[in-house]
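Values in this text are rule-based calculations from the coordinates and carry no lab data. Because the structure is a prediction, the values reported are computed rather than measured. Glycine gets a Cβ as well: all are built from the backbone with ideal geometry, and neighbour counts include every protein chain shown.
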């Protein structure tokens, strides 16, 4: 028996749409990260970006469990002295829900050039509409047991 090693060229990438309505943030993020990394592909190779494109819609309808909605903080640094900015989950969800979902998914990807390349295939949108209809994305559903 011979082992097939993919070259990384001519990878047929699919497009998937994940609906975040009523989904838990972490579970949705882990499924999206697996699709972006290509772990669902039978030819998965850890050192090659074999992943597919992921479109997440309805980002504003995501929810978190427990007291995370009140306690979770998002921090960023402006680069200036005293420039640490903090924003709570509920305020950021009302203002820019795409950032919450995007950060959760990117945090589950490798921290390397490969992980940054995988993250470029992620598109997150507020609302049910997205501009990628030409790519004919397939609906990716989380099973009832997993969600």
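Quick notes
- On Cα atoms only, tilt of 25-37 relative to the major axis of the chain in degrees: 30
- Prolate/oblate/rounded label for the chain (Cα gyration tensor, a/c 1.5): prolate
- Sequence of 57, 100 once ranked by neighbouring C-beta atoms within 10 Å, starting from the fewest: 57, 100
- Euclidean distance between Cα centres, the range 54-74 to the range 1-43, Å: 22
- Take every Cα pair under 8 Å whose residues are at least 6 apart in sequence, average their separation, divide by the length of the chain, and the relative contact order is 32 percent.
- Order of 55, 48 - criterion: other Cβ atoms within 10 Å of each residue's Cβ, fewest first: 48, 55
- Sum of -39500 (n - 2.57) over DSSP H runs of 4+, divided by residues of the chain (222 nm, nearest 500): -7500 deg cm²/dmol
- Among 68, 9, the ranking by other beta carbons within 10 Å of each residue's beta carbon, starting with the fewest, stands as 9, 68.
- Helix 97-106 vs. the chain, principal-axis angle (Cα, 0 to 90°, nearest 10): 50
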